[in-house]
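Everything on this sheet refers to the single structure shown next.
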Amino acid sequence: MGLGVVLLSCYELGRQPQQLASAAAALERAGFSPVLCDVSITKLDEAAVRAAGLVVISVPMHTALRIGLELLPRVRALAPRAHICFQGLYAPLNAELLRASGADSAVGEHEGWLVELAEALKAGRAVPGLPTAGSRPRIDVVPARGGLPALEKYGRLLVAGEAGVERRVAGTLEATRGCLHLCRHCPIPPVWNGRFVAVPVELVLEDARRQVVAGARHFSFSDPDFLNGPGHAMAVARGLHAQHPEVTFDFTAKVEHLLARRALLPELAALGCVFIVSAVEALSPLVLDVLAKGHVRADVEVALAAVRAAGISLRPTFVPFTPWTTMADYLELVGWLRENGLEDEVDPVQLSIRLLLPPGSLLLARSELQPHLRGLDAAGLQHRWVHPDPRMDALADTVTALCEEAATLPGGQEPAQTFARIHAAAAQAAGVAAPPPAPVRRRVPPPRLSEAWFCCAEPT
């Protein structure tokens with residue numbers, strides 16, 4: 001009798017789970033028949049869990065990890081003798097806590113190890129040793145998406161036009177995994193240590209072809225930084241456009257890569273790129289230095305101009321609440337967004353995000369952080385910190401409430417209105433005059449995804 005395997009996804013930013021599909025493909029090639037379940041879309045398949053000898057809970061992000069831990073007791077009750085493995089970027093960072101909570105193992109983005117584990121469990125052998133630190137996964141199979149909910153169940157690309165808003169079915173592709181850079185607040189460096197792996201171009205394009213057949217008309221590249229390997233990135237983008245010229249795409253890239261590769265931007269636009277996400281994080285020189293972002297405000301402005309000149313929208317992301325962000329810094333940021341007409345390219349929730357400090361964060365070793373730490377919040381899977389200026393913590397709560405209120409309104413609130421309320425709240429907190437009404441900009445909003453994108457910190 002074969003080993004029953006269940007793969008559970010908790011949440012992947014409103015996208016069809018890439019990590020789960022990759023794990024499924026590796027296991028299927030090895031002769032297993034995993035049952036896939038995305039609990040952000042469908043109910044937990046309790047019958048499959050009861051019959052499983054191996055349950056894998058995918059945790060590529062902090063939100064998924066929190067949901068996965070909440071799900072763990074239920075899974076254990078349904079399958080008391082099953083091996084429960086947490087797999088993904090956040091698993092090794094929280095391995096000790098996961099095992100203490102009842103998980104049997106925790107591994108990073110290594111599908112090959114899951115195959116070894118399943119084979120060992122099937123044969124009654126001991127659990128194999130975990131991949132050594134620094135080992136790179138072998139990615140040599142096209143993700144198997146057949147057992148997942150249909151693409152139309154996930155986030156869409158919203159394209160505004162005279163006839164209204166078109167909602168294009170969006171898929172997900174992975175061209176690289178890991179990252180060259182060592183930004184201190186990011187969860188990737190403690191696991192990848194400045195390395196990345198390229199997915200063979202032919203595998204990426206075959207994954208795209210299958211998703212196009214399934215209805216995809218837009219793709220989001222899940223790479224932490226699509227331009228880590230610019231030659232590889234362009235080969236993927238050119239191949240995608242040659243095979244599917246009607247399809248658009250978006251990707252994430254560092255500010256310094258946008259500057260170094262700005263000559264590629266016009267071609268990327270011609271190949272179908274409609275927007276680029278970039279983790280700007282802050283404008284403050286001090287904050288950028290502590291986070292080791294590798295850019296300054298002037299670089300951001302040059303990158304913004306270059307991306308716009310190419311006909312692409314830039315969607316900056318931010319971590320506006322850190323222990324080193326002053327009230328003046330926050331006012332500068334909201335004013336800068338307004339001056340540059342970014343209200344339609346930054347999700348208002350970006351102005352509510354507080355620095356996340358997961359176990360293993362490179363920032364924990366920094367002397368600048370020590371005065372602000374208040375211990376580990378095991379339930380929240382993060383280290384607590386407080387701001388030296390109580391007004392900043394209060395403002396973070398206020399901005400979060402404003403964003404939540406805007407999201408609950410029928411049809412949502414226009415981003416410009418939410419930004420105006422946030423700007424007014426920040427001015428009130430700082431004890432300065434509220435800004436005058438923003439000028440009305442009569443332009444069609446650029447394309448965006450229906451699900452907001454978050455970087456290395458997430459609202460709780």
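Would you compute, from DSSP H runs of 4+ residues alone, the mean residue ellipticity of the chain at 222 nm, taking -39500 (n - 2.57) per run and dividing by the full residue count, rounded to the nearest 500? Let's see the in-between values first.
On the way: 16 runs with 169 residues, N = 460.
When only DSSP H runs of four or more count, the value is -11000 deg cm²/dmol.
Within the set of other residues whose C-beta is less than 15 Å from the C-beta of residue 402, count the net charge using Lys and Arg as +1 and Asp and Glu as -1. The partial results should precede the final answer.
Details: positive: 354, 421; negative: 343, 347, 397, 404, 405, 414.
Around residue 402, the surrounding residues sum to -4.
Normalised radius of gyration for segment 84-225, please: alpha carbon Rg relative to 2.2 N^0.38 Å, two decimal places.
1.25
Which loop GluC sites (Glu not before Pro) in segment 214-316, with loop taken from DSSP, have no more than 12 other Cβ atoms within 10 angstrom of their Cβ? Working shown, then result.
Details: sites: 246, 256, 267, 281, 301; in loops: 246.
The qualifying sites are 246.
Which whole-number value in Å² is the accessible area per residue of segment 264-331, probe 1.4 Å?
Numbers: 1920 Å² over 68 residues.
So segment 264-331 comes to 28 Å² accessible per residue, rounded to a whole number.
What order do 50, 238 take when sorted by accessible area (1.4 Å probe), most exposed first? Numbers along the way, then the final one.
Numbers: 50 135, 238 110 Å².
Output order, biggest surface exposure first: 50, 238.
Any idea of the accessible area per residue across segment 359-408, 1.4 Å probe, to the nearest Å²? Spell out each step's value before the answer.
Working: 2560 Å² over 50 residues.
Ligands and nucleic acids excluded, the result is 51 Å² per residue.
Find out how many positive minus negative residues lie around residue 239, taking Lys and Arg as positive, Asp and Glu as negative, among other residues whose Cβ is under 14 Å from that of residue 239. Walk me through the numbers on the way to the answer.
Working: positive: 209, 238; negative: 202, 206, 207, 267.
The answer is -2.
Using the alpha-carbon centroid of each, what span in Å lies between segment 374-414 and segment 3-69?
Answer, in whole Å: 30.
For segment 152-194, just the Cα set please: Rg and Dmax, both in angstrom.
Both quantities, over Cα of segment 152-194: 17.1, 48 Å.
Could you work out the relative contact order of segment 61-177? I mean the mean sequence separation of Cα pairs under 8 Å and 6+ apart, divided by the number of residues, in percent.
Details: 103 pairs, mean separation 17.2, N = 117.
Relative contact order of segment 61-177: 15 percent.
Roughly how many Å² of residue 397 are accessible to a 1.4 Å probe, to the nearest 10?
Estimated to the nearest 10 Å², residue 397 gives 110 Å².
Could you tell me which residue out of 14, 132, 235 lies farthest along the dipole of the chain toward its positive end? Charges go on the beta carbon: Lys and Arg +1, Asp and Glu -1, centred on the Cα centre.
Of the options given, the answer is 132.
For the chain, which whole-number percentage of the solvent-accessible area (1.4 Å probe, protein heavy atoms only) is attributable to carbon and sulfur atoms?
On the way: 10170 of 18610 Å².
Exposed carbon and sulfur together represent 55 percent of the surface.
In terms of modelled amide H atoms, which long-range or inter-chain residues lie less than 5 Å from the amide H of residue 315?
276, 277, 278
So how far, in whole Å, is the C-alpha centre of segment 179-233 from the one of segment 135-171?
14 Å
When only C-alpha pairs under 8 Å and at least 6 residues apart count, what is the relative contact order of the chain, in percent? Write out the running numbers ahead of the final one.
Details: 846 pairs, mean separation 59.2, N = 460.
Value for the chain: 13 percent.
Could you report segment 92-161's accessible area per residue, 1.4 Å probe, as an integer in Å²? Each step should come with its number before you reach the end.
Working: 3330 Å² over 70 residues.
Computed with neighbouring chains in place, this is 48 Å² per residue.
So, taking all protein chains as they sit and a 1.4 Å probe, how much accessible area belongs to residue 139, in Å² rounded to tens?
Around 20 Å² of this residue is reachable by solvent.
Scattering from the C-alpha atoms of segment 31-82 alone, worked out with Debye: what is log10 I(q)/I(0) at q = 0.17, 0.18, 0.32 1/Å?
With one equal scatterer per Cα and no solvent, log10 I(q)/I(0) is -0.52, -0.58, -1.43.
Taking every pair of alpha-carbon atoms in segment 220-289, what share in percent sits in each 5 Å bin, from 0 to the bin with the longest distance?
Using 5 Å bins, I get a P(r) of 3, 16, 28, 24, 13, 7, 5, 2, 1, 0 for segment 220-289.
DSSP loop (so not H, G, I, E, B), at most 16 other Cβ within 10 Å: list which GluC sites (Glu not before Pro) in segment 142-204 pass both filters. Could the numbers behind the result be given before it?
Details: sites: 152, 162, 166, 174, 202; in loops: 162, 174.
In loop regions of segment 142-204 (DSSP not H, G, I, E or B), the sparsely surrounded GluC sites (Glu not before Pro) are 162.
Using only the C-alpha atoms of the chain, find the volume of their convex hull and express it per residue in Å³.
Numbers: hull volume 64.9 nm³, N = 460.
Given the Cα convex hull of the chain, per-residue volume reads 141 Å³.
Just to confirm the filter: which GluC sites (Glu not before Pro) across segment 324-429 are DSSP coil and have at most 15 other Cβ within 10 angstrom of their Cβ? It would help to have the intermediate numbers written out before the result.
Numbers: sites: 332, 339, 343, 345, 368, 404, 405; in loops: 343, 345, 368.
Of the GluC sites (Glu not before Pro), the ones in loops of segment 324-429 whose Cβ has at most 15 other Cβ atoms within 10 Å are 368.
When the Cα centres of segment 327-347 and segment 279-316 are compared, how far apart do they sit, in Å?
The distance from the Cα centre of segment 327-347 to that of segment 279-316 comes to 12 Å.
Once you keep just the Cα pairs under 8 angstrom separated by 6 or more residues, what percentage relative contact order results for segment 236-298? Walk me through the numbers before you get to the answer.
On the way: 55 pairs, mean separation 22.7, N = 63.
Averaging sequence separation for qualifying contacts and normalising by length gives 36 percent for segment 236-298.
Could you state how much accessible area residue 421 has, in square angstrom rounded to the nearest 10, with a 1.4 Å probe and all protein chains kept in place?
80 Å²
The values are calculated or read from the model by the stated rules, or taken from the named source; none is laboratory data. None of these values were measured; they are calculated from a predicted model. Cβ: placed from backbone, ideal geometry, glycine included. Neighbour counts: every protein chain shown. Ligands, DNA and RNA are stripped out before the accessible areas are found, and what is left, the full protein with its side chains, is counted by its heavy atoms. Shrake-Rupley method; radii C 1.70, N 1.55, O 1.52, S 1.80 Å.
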